[in-house]
Each structure stands twice: as C-alpha cells, then as structure tokens.
2 protein chains.
Amino acid sequence: MHTPIDVGGMLARLPLFQQLRDGEILSLAAGTREIELAKGQMLFQKGYLLDGFYVAVSGQIKLAFSSAQGNEKVVALIGPGQCFGEAIMFLERPSPVFAQALVDSRVLHIAKRSIFAAINGDSAFACRMLAGLSMRLHGLVQDVEDYSLRSSTQRVIGFLLQLVSAAASGATECELPASKHVIASRLNLTPETLSRILHNLAEFGLIAVKGKKITVLDAERLKRFNP
Amino acid sequence: MHTPIDVGGMLARLPLFQQLRDGEILSLAAGTREIELAKGQMLFQKGYLLDGFYVAVSGQIKLAFSSAQGNEKVVALIGPGQCFGEAIMFLERPSPVFAQALVDSRVLHIAKRSIFAAINGDSAFACRMLAGLSMRLHGLVQDVEDYSLRSSTQRVIGFLLQLVSAAASGATECELPASKHVIASRLNLTPETLSRILHNLAEFGLIAVKGKKITVLDAERLKRFNP
DNA sequence: GCATGACCTTGACGTGCATCAAGTTTCCAA
DNA sequence: TTGGAAACTTGATGCACGTCAAGGTCATGC
C-alpha cells in the first residue's frame, strides 16, 4: 500500500521539468506512471526496449553492464531528480545496461508519446531535452578520459573531491553515496584496490575514513597528490 | 584557392539533414561557413567554446584528449558526413577534447543560431538532433563497456569485425582508417601492444596483415577467439 | 640512386592493478 | 544479546599491458 503521489507536482519539481508550463506538465503527466522498487529489484534488464524514459523520485538506481563472465561494471548511479533511459528510448535499440534499485526507490516512467507530444508542442522543451542529453554525453566523455589517462588513485581522488564539493561549499566531510563495492565498480577498480587506495591516502594524512564517512583533511595536497 | 561549394546541396546530402525541407536547408546554410584544413592542422583546442558545431565533408578529423604528461587519447575518428561538437555547443562549456585534421580536410561550421532557428521552426529537426546525440551517447557507452570489461585483444577483434562489416556485406578485407598509432590510441592501447596483438591473431591464422590492409580469414573463429 | 625521417615491429623488462585467500568488522534479524 | 551473513580489509601472488630500447621497413625528397 502506498499513498498516491502528485505526479504533476512532482514532475514540476524535477530539474528537467523546472521550466515547464502547467499545460505541459499535465500532458506529460497523462503518460506518466509511478513505479515502486524494493531494494535489489530490477527495473529493466540489459537488452530491453524502452517505450519511455525514467525519472528517479527517491532512492537510488544503479545502471550497469554485465559481462558473460558474470562481472559487472557500474556506469552510473542515479539519485532523486535525475533521469535515465532517454537515449535508448530515442534510438529504439536494446539497452546495453540494466537498471537495479540499490535501495527502496520510486521512479516515474514517462511514455514516449508524452515526450514527443511535448517536443512538438514546445521547442523550449526540445532544447531542454537536448541540453540533458548533452550533459549526459559530457559526463561520459569525462569518464572515458578518467579511465584512459588517469591512475586508480587519481580517479579516487577526483571522486572524493567531487563528493565534498557537491556537499556544502567549504565542507570537508562527505558520505559515500553507495557501498564501497559499488563505488569501486563505478571507478573501474576492484573493492580490494579501492580499500588499499583509501588506506594509503589516509596514511599520508590526506583523508580520514570512518565507514562511509570520508573527511578530506588537506584538499590542496590531495589535489596535487601524485601516487 | 578553392572552388566554392554548394553548401545547401552539401548539407542536404549529409545524414543528419537528409530529411530537411528546402527552406530549412537555406536557413541553415545562411549560418554556415566552410573551413579547409591542412593535414595536422588544429580545428579547435581543448578548452575552446564552440558557437556552433561541425560537419565533416571530406578528409578525416581526430577528436582526442591530451593529458598534462603529454599523453594523448583518441576518442573519435570523424569521417565525411559525420558531425561533432553539438553537445559542447549546447552546453556552452569548454571542450574537453581538441580536434585535428589527420589528412587535408573540409568541414562545415554551422552557427548555433541557425540550429536553434531550425529547432524552433521544425520539431522533426529537433527530433533528428535528439536522435543524433543519442547515437553518440550510445557509442560512448559502448566504448566504456569495451574499456571496462574486455581485454585488449577482444577490443581489437571487435574493431576489426566492425570494420569488415562496414565494408560490403560478406567482405573479408578492409583497410585501417588511420595510422596504427592512431588506431591503437582509439582502442586504448599502445602501438606496441596493437602490433603484438595483430601479429598474434595472424599467427593463429585468423587474419592476414599487409600494411593497412587487413584480411579476416576466419570470422567465426575470430569472434570466438579467447586470448 | 641514396639519404632521411615516419612508422612500425620485436625483445627484454617493469609495474599497476587484478586475483585469490584469509581474516576482521559491521550490520541486522531472530 | 548473539549468530551469521554481508561488507570490508589485508597480504601474497600473478599477469596483462606499458615502458624502454633497438632494429627494420617504407615513403619521400634531393
């Protein structure tokens, strides 16, 4: 049992839709349904075709590859307000990744026809979709750069600095947004390696680790730390 | 000295613009200029802001990162008819990559204002832009998957199979689209490693290498080859 | 022709990170 | 509280790939 949510109002509060006018919110809401996911539950498997895209409302969703050998590689961690699956929807191709809830979560599914209707009705909406996809692309390019020409340690440092800067400005403490296992996969390394790197950074007095709580002790030196 | 080109007609022949109506072609053409690049010439540097995007007409352009240590990593090889820089244009952020002509090339630069005008005038155009960005995104996700959970050899095999399938169907011969140095970087490996892998595949009778010419001798076994 | 410099190959060696295998800690649920 | 699984750490070992250093091969200009 769950309380019904105000889909229109919810959409209006999500970044992508901030600038939508009331009429548009309603037209989108018409093709929108809410999905509740229990921790560990799959939203869609690799290979699925999507007839819409998703917006996370609460909780956390993981997008990941799975290889034949059973390995898995996390591509993105989706938090409240973020959307995913647009590209696959537009392309009408099987999804290269699967989506799984890391904790109990709520997502909205917005039907393709609603999106196309909104694009047709309002070119500003189309521009926002384009900007959204561009940001996603930019992030992926960033990832490729990180994987290609930065070491494991540098990737971890970059991730930590991003985390604390995402918290209040000037903050030095942050909380890992998922289990270390998942974070490691996101950063393209094994849990063992991540553990060793954190240990190492702590030894140098650059950070302090306490469970999921990380304190950056010396951001400047951390930035310049060269394994 | 060069002969002026028919920009409108050229645009109409490029994939992205295939479905444009005459009026749109003209409106785009108004904000379009042609750029000629000599081999090795930079089109734009890392960090530049783009006030439009590019379409390759002839030649070949390389998009790549450069690291502080002077390493460089090729992200994409752009051939005739392909466009690039859209995402950066939409985001109005400094480009994370630089663009350089690998051979004498011609590109069109299409001004941002033309694009926005086209988007406003025709939602079908907006949809084509969205589809274009989605394809780009899809390709990058593919790359990330390759880098993360496939070995060097598997990446080379995938690349070769893609190359021959891009040639006539049923073809077994193909030509490397750039120098082995560039191909290696595109596949995230060193020239030495690429050389060894090609040598190795040839030893197993899976391919034959003659300069830039590669012949796939046994596509089935090549697909299943497991280092 | 020969020289010059890109480009590519080959071998020897080093290393960053994965893998494997125990521990140890944390977190719940009973 | 306590048992047990899941998450994390730690150490020993291995290997894929990078790095370094010589050649070799091919193209282009004189």
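By its C-alpha gyration tensor, with a ≥ b ≥ c as the square roots of the eigenvalues, how is the range A:45-86 shaped: rounded for a/c under 1.5, else prolate for a/b larger than b/c, else oblate? Walk me through the numbers before you get to the answer.
On the way: a/c = 3.30, a/b = 1.49, b/c = 2.21.
Oblate shape, in that a/c is at least 1.5 and b/c is the bigger or equal ratio.
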Study note, to complete from the structure: For the range B:45-56, in residue order, the Karplus 3J(HN,Hα) values (coefficients 6.51, -1.76, 1.60; θ = phi - 60°; whole Hz; Gly and Pro = x) are 8, 4, x, 6, 9, 9, 9, x, 10, 10, 10, 6
Point to revise | Dipole magnitude of the protein assembly as shown, debye to nearest 20 (Cβ charges: Lys/Arg +1, Asp/Glu -1, about Cα centre) | key: 760
Exercise for review: Pairs of lysines 8 or more apart, or on different chains, with alpha carbons under 26 Å: count those in chain A, would you?
Suggested key: 27
Practice item. Whole Å is fine, so just give me how far the alpha carbon centre of the range A:68-134 lies from that of the range A:192-217. Key: 33
Check your understanding: Using θ = phi - 60° and the Karplus form 6.51 cos²θ - 1.76 cosθ + 1.60, what ³J(HN,Hα) does each residue of the range A:95-110 get, whole Hz, x for Gly and Pro?
Key -> 5, x, 10, 10, 10, 9, 6, 7, 9, 3, 9, 10, 10, 9, 10, 10
Point to revise | Nitroxide proxy distance, nm - points 7 Å out along Cα→Cβ at A:GLU145 and B:ALA124 | key: 3.8
Practice item. Estimate the FRET efficiency between A:GLU92 and B:GLN154 by the formula 1/(1 + (r/R0)^6), using the beta-carbon distance for r and 30 Å for R0, to the nearest 0.05. Key: 0.65
Review point. How big is the Kirkwood radius of chain B, worked out from every pair of different alpha carbons and given in Å to one decimal?
Key: 19.2
Review point. Which of B:GLN45, B:GLN82, B:GLN69 moves the most in a Gaussian network model of chain B with Cα springs under 10 Å?
Key: B:GLN69
Review point. Within chain B, which complete DSSP H helices have Cα atoms spanning at least 15 Å along the helix axis and a mean Kyte-Doolittle hydropathy of -0.5 or higher?
Key: B:123-149, B:152-166, B:191-203
Revision key, fill the gap. With T = 37 °C, eta = 0.692 mPa s and Kirkwood Rh from C-alpha pairs, the Stokes-Einstein D of the protein assembly as shown in µm²/s is about 136
**Study point:** 5 angstrom amide H check on A:GLN41, placed H, neighbours 5+ away
**Key:** A:ALA101
Revision key, fill the gap. Taking only the alpha-carbon atoms of the range B:107-200, the convex hull volume per residue, in cubic angstrom, is 149
**Study point:** Approximate spin-label separation A:LYS223-B:LYS223, in nm, with each point projected 7 Å along Cα-to-Cβ
**Key:** 5.1
Revision key, fill the gap. Expressed as a whole-number percentage, the relative contact order of chain A with C-alpha contacts under 8 angstrom and at least six residues apart is 18
Practice item. Could you check the simple spin-label distance between A:MET135 and A:GLN69, using points 7 Å along Cα→Cβ, in nm with one decimal? Key: 3.6
Revision key, fill the gap. Under the Karplus relation with 6.51, -1.76 and 1.60 and θ = phi - 60°, whole-Hz ³J(HN,Hα) for the range A:167-176, x at Gly and Pro, equal 6, 3, 5, x, 5, 10, 10, 8, 10, 4
Revision key, fill the gap. If amide H atoms are modeled at 1.01 Å from N in the peptide plane, then the residues at a separation of 5 or more from B:GLY59, or on another chain, having amide H under 5 Å from its own are B:ARG106
Review point. Which log10 I(q)/I(0) values, to two decimals, does the range A:157-227 give at q = 0.20, 0.21 Å⁻¹ under the Debye formula with one point per Cα?
Key: -0.81, -0.90
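No lab work stands behind these numbers, since they all come straight from the coordinates. Just so it is clear, the structure is predicted and the values come from calculations on it, not from any experiment. Ideal geometry is used to build each Cβ from the backbone, glycine not excepted, and the neighbour counts take in all protein chains shown.
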